[in-house]
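Okay, structure first, notes after.
The values are calculated or read from the model by the stated rules, or taken from the named source; none is laboratory data. A quick note: this is a predicted structure, and the numbers were derived from the prediction, not measured. Here Cβ is always computed from backbone atoms with ideal geometry, including for glycine, and neighbour counts include all displayed protein chains. These accessible areas exclude ligands, DNA and RNA; they are computed on the full protein's heavy atoms, side chains included. Shrake-Rupley method; radii C 1.70, N 1.55, O 1.52, S 1.80 Å.
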Amino acid sequence: PEDIRPVTQVFRAAGCRITEGKTELRIASAHPLQSVPPIRTAPYPGFPTDAQAPVMAALLRAKGVTVVEETVFADRYRHVPALRALGGNIQVSGAIAALTGVAELHGAQVEATDLRGGAAMVVAALAADGVSEIDETSHIERGYENIVEKLQALGADIRRVEIPMGRVTR
């Protein structure tokens with residue numbers, strides 16, 4: 001838990017209750033999340049750039065506006081178009097992204113462009129109404145072993161669908 005303290009601080013600020021064990025965390029919220037103070041990525045021990053996209057997805061429905069400043073990687077917002085397709089309200093200007101919470105997200109067909117962005121798409125799709133399809137999941141699966149099975153074990157309505165050979169996707 002100490003290694004990801006900057007991430008848990010964001011979730012606490014959003015209104016989550018966090019229970020820490022030696023090697024585990026439990027994060028829960030009985031109420032809608034709230035926007036949080038600005039998040040600025042930084043090398044360890046700061047807020048990890050690898051957590052930026054999934055945390056952004058988790059905050060898509062938070063009440064208010066959250067600002068994210070990406071200081072580590074210049075091209076780290078490649079997931080934003082997919083989050084917008086799912087109904088997210090995100091404005092990007094250079095290294096700054098401002099996300100305004102929305103009442104609901106909706107299903108969409110999106111494509112994972114990288115590992116962390118793909119994880120963000122999964123997070124947003126699980127919070128969306130309707131069906132979402134995420135293409136190019138190899139990006140996600142190379143970094144999150146058995147992600148489908150693990151999320152199913154937590155109660156997620158998610159499944160892996162094999163695309164027949166010859167089917168062209170956008």
Flagged pairs (Cβ under 7 angstrom, 6 or more apart or on separate chains; first in the stretch 126-141, among the β-branched types (Val, Ile, Thr) and open to solvent by 70 Å² or more (accessible area, probe 1.4 Å); second modelled with pLDDT under 95 and part of a strand (DSSP E or B)) are none
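The rows are residues; the columns are (1) aliphatic (A, V, I, L, M); (2) at negative phi; (3) under 14 Å from the mean Cα position of the chain (by Cα).
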{"site": "Ala82", "(1), (2), (3)": "yes, yes, yes"}
{"site": "Glu133", "(1), (2), (3)": "no, yes, no"}
{"site": "Glu141", "(1), (2), (3)": "no, yes, no"}
{"site": "Glu145", "(1), (2), (3)": "no, yes, no"}
{"site": "Lys150", "(1), (2), (3)": "no, yes, no"}
{"site": "Gly155", "(1), (2), (3)": "no, no, no"}
{"site": "Arg159", "(1), (2), (3)": "no, yes, no"}
Of the conditions (1) over 24 Å from Glu136 (Cβ atoms); (2) without any contact (Cβ under 8 Å) to a residue 12 or more places away in the chain, the single one that Asp75 does not satisfy is (1)
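Residues Thr8, Thr41: which one is open to solvent by less than 20 Å² (accessible area, probe 1.4 Å) and touching a helix residue (DSSP H, G or I) at 6+ places or on another chain (Cβ under 6 Å)?
Numbers: Thr8 fails: touching a helix residue (DSSP H, G or I) at 6+ places or on another chain (Cβ under 6 Å).
Selected residue: Thr41, the only one of Thr8, Thr41 that is open to solvent by less than 20 Å² (accessible area, probe 1.4 Å) and touching a helix residue (DSSP H, G or I) at 6+ places or on another chain (Cβ under 6 Å).
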How many residues of the stretch 51-74 are open to solvent by less than 100 Å² (accessible area, probe 1.4 Å) and either in a loop (DSSP other than H, G, I, E, B) or at pLDDT below 95 (or both)? The answer is 7
Go through (1) farther than 25 Å from Pro32 by Cα; (2) of a type in the set (Gly, Ala, Ser); (3) at pLDDT below 95 and name the single condition Ser93 misses.
-> (3)
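Would you check which residues across the stretch 34-50 are out of contact with any Phe, Trp or Tyr (no Cβ under 7 Å at 6 or more places or on another chain) and in a helix (DSSP H, G or I) and list them?
Asp50
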Residue tally, condition within 15 Å of Ile158 (Cα to Cα), among the aliphatic types (A, V, I, L, M) and open to solvent by 60 Å² or more (accessible area, probe 1.4 Å), over the stretch 80-125 = 0
For the stretch 11-26, how many residues meet the condition of being over 19 Å from the mean Cα position of the chain (by Cα) and open to solvent by less than 50 Å² (accessible area, probe 1.4 Å)?
-> 1
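Taking the stretch 128-162 as the search range and keeping residues that are of a type in the set (S, T, N, Q) and under 22 Å from Arg84 (Cα atoms), which one is modelled with the highest pLDDT? Spell out how you get there, then give the answer.
Initial filter on the stretch 128-162 (of a type in the set (S, T, N, Q)): 132, 137-138, 146, 152.
Narrowing further to those that are under 22 Å from Arg84 (Cα atoms): 132, 137-138.
Values: Ser132: 95, Thr137: 91, Ser138: 89.
Residue satisfying both the conditions and the ranking: Ser132.
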Take the residues in the stretch 81-109 that are without any contact (Cβ under 8 Å) to a residue 24 or more places away in the chain and either touching a helix residue (DSSP H, G or I) at 6+ places or on another chain (Cβ under 8 Å) or among the charged types (D, E, K, R) (or both), then tell me which one is farthest from Phe47 (Cα to Cα).
-> Arg84
